[in-house]
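The structure under discussion appears below in the form of structure tokens.
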Amino acid sequence: MAILLSFDIDGTLEVGDPPGGITMEMVRRAYEAGYLIASCSDRALSSQKAMWARYNIPAVFTASKHQLPNMRAAITADAYYHIGDRDTDEQIAAENGFGFWWNHEGVSEPWLTLQTPHGVQTPGGEDVSG
Ligand SMILES: [Mg+2]
């Protein structure tokens with residue numbers, strides 16, 4: 001079962017400019033729990049890749065916001081979620097079938113509850129069993 005978490009950076013992650021409340025330790029915890037980690041940000045892809053390399057977290061993709069549809073097609077997962085701080089984040093998530101959390105919601109690591117005894121909870125609320 002795979003759940004993909006796509007993180008915006010600026011205003012969302014602690015390493016963003018401005019910093020957001022989601023720490024790299026939270027992201028690492030998700031990675032170590034088996035989540036697929038990615039970033040989708042207005043930052044240059046080279047900057048996104050450098051960030052993941054610096055924290056030694058292998059991202060399944062780094063993308064600009066308009067590339068999110070392609071990324072969804074390229075990466076197989078049971079459920080897709082995006083976390084960000086702007087209306088555009090919420091919008092691209094909705095347009096591409098990603099669940100969405102605001103940056104301030106992400107600080108409670110809501111993704112950790114998506115793995116249920118029955119499988120994975122999708123953005124639509126149903127469980128996908130596996
Ligand atoms: Mg942002």
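Read the figures in this text as sums done on the coordinates, not as results from a lab. Worth saying up front: this structure is predicted, and the values here are computed from it rather than measured. Positions of Cβ are backbone-derived with ideal geometry, glycine not excepted, and every protein chain shown enters the neighbour counts.
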| query | Do you know which of the residues in the stretch 83-126 that are charged (D, E, K, R) and either part of a helix (DSSP H, G or I) or exposed (fewer than 15 other Cβ atoms within 10 Å of the Cβ) (or both) is nearest to the ligand (Cβ to nearest atom)? | reply | ASP89
| remark: Residue hits (the stretch 12-48; within 11 Å of the ligand (Cβ to nearest atom) and closer than 14 Å to LYS65 by Cα) are SER39, CYS40, SER41, ASP42, ARG43
| Failed condition for ASP8, given (1) away from the ligand (no atom under 11 Å from the Cβ); (2) buried (at least 20 other Cβ atoms within 10 Å of the Cβ); (3) more than 22 Å from GLN115 (Cβ to Cβ) | (1)
